[in-house]
Amino acid sequence: MRSPMFAPFLRSALCLGAFCAMAFAPPAMAAGPAAFAASPPSVSASGSFIVGHGTVGTGPEAILVMHEWMGDHSNYAGLLPYLNTKAFTYVFADLRGYGWSKDVKGDYTADEAVSDMFALMDKLGHKRFHIVGHSMSGLIAQAMAAKDKTRIKSLIAVTPVPAAGFKTDDAGFQRLVAVIDTDDAMRGAIKARVAQRYTDTWIDYKLAIARNATSREPMLGYLKMFTGTDVSAAVAGLDVPVLLITGADDIPFYQEAAERPKFEAAYKNLTVETIQNAGHYPMLQTPPLLLAKIEKFVEANVKD
């Protein structure tokens, strides 16, 4: 039987214990980062081919995101924790022969990619939308604007192949074929595009993304596409809002000094930004900064 004299002390001890339990209890776990809601390739009700893709978010502004030659949607995995999923619906698309569309054969032309991207956005119900194109898909994004500018609210070109394509001679083309065929050549290409600043472990990480993303046939097909396609005449004078993003550590072909004059010659409504401490892959090197620039530009170009 407890003595009444100890009751106040007991109540104090219980209160102190409860306070300590609250004060030192682990915090509630925050919701995890967004994840790709992946859909495999399919055929729409109208008979159009639909590439594999992953959607993230449910916002009113749709943003189509396309990948580069040496990577698929997984290049963008580092952006997932920072996506504004309430304001935007992101659609990460894999071209034929890549990622979720890896087993899909194609002609690997710009016209085919443009048709596939419009068919995808039709299937998802996005009549008008924003586009993010990286490197070779920066050229595809510009070809989409040339095909139907009325559907493009804004265009973000990240370290892009310009509208005239990646012009090279036969020797340069064969060096790019070597990138397809040998890991050492691909490592060299990656290192050059990040100014030799990264460790071999990071280079091998990027190499693995490329090798897991695709195979020889699509890479060779798209190499022919981005070295042989020229839509510069078709985009000349377009008033679509365009954001050109370059990386200070990229190879000279993709740096601002080379890219800006080409884009200024084509687009009436152009914004140019360069990311310091990034080269050709800002989505891997500086993901939150790249995303901030993309979302800020999209927010500034919301239209009915």
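Couple of notes before you dig in:
- Taking the stretch 208-287 and the helices (runs of 4 or more DSSP H) fully enclosed by it, the elements with 2 or more residues that are not small (G, A, S) are at 216-228, 256-266, 282-285.
- Some residue of the stretch 181-188 being in contact (Cβ under 8 Å) with a residue 60 or more places away in the chain, under 20 Å from N75 (Cα atoms) and not in a strand (DSSP E or B): yes
- Filtered residue count, the stretch 263-282, keeping only those that are farther than 19 Å from T201 by Cβ, within 16 Å of the chain's Cα centre (by Cα) and of a type in the set (A, V, I, L, M, F, W, C): 1
- Within the stretch 218-249, if we keep just the residues that are of a type in the set (D, E, K, R) and closer than 20 Å to D148 by Cα, the residue that is surrounded by the most Cβ atoms within 10 Å (Cβ to Cβ) turns out to be D230.
- Taken as a whole, the structure places A145 among residues that are more than 18 Å from G279 (Cβ to Cβ) and either in a helix (DSSP H, G or I) or among the acidic types (D, E) (or both).
Matching residues to (1) modelled with pLDDT under 95; (2) in contact with a strand residue (DSSP E or B) (Cβ under 8 Å, 6 or more places away or on another chain); (3) crowded, with 19+ Cβ neighbours inside 10 Å:
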{"residue": "A62", "(1), (2), (3)": "no, yes, yes"}
{"residue": "M70", "(1), (2), (3)": "no, no, yes"}
{"residue": "T89", "(1), (2), (3)": "no, yes, yes"}
{"residue": "T109", "(1), (2), (3)": "no, no, no"}
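Here's the yes/no breakdown for (1) without any contact (Cβ under 8 Å) to a residue 12 or more places away in the chain; (2) surrounded by 15 or more Cβ atoms within 10 Å (Cβ to Cβ); (3) touching a Gly at 6+ places or on another chain (Cβ under 8 Å); (4) of a type in the set (A, V, I, L, M, F, W, C):
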| position | (1), (2), (3), (4) |
| --- | --- |
| V194 | no, yes, yes, yes |
| W202 | yes, yes, no, yes |
| P252 | yes, no, no, no |
| A265 | no, yes, no, yes |
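- Qualifying positions in the stretch 119-146 - buried (at least 18 other Cβ atoms within 10 Å of the Cβ) and free of Cβ contacts under 8 Å to residues at least 60 places away in the same chain: M121, G138, M144
The values are calculated or read from the model by the stated rules, or taken from the named source; none is laboratory data. The structure presented is a predicted model; accordingly, all values stated were derived computationally and were not measured. Neighbour counts run over all protein chains shown; Cβ positions are idealised from the backbone, glycine included.
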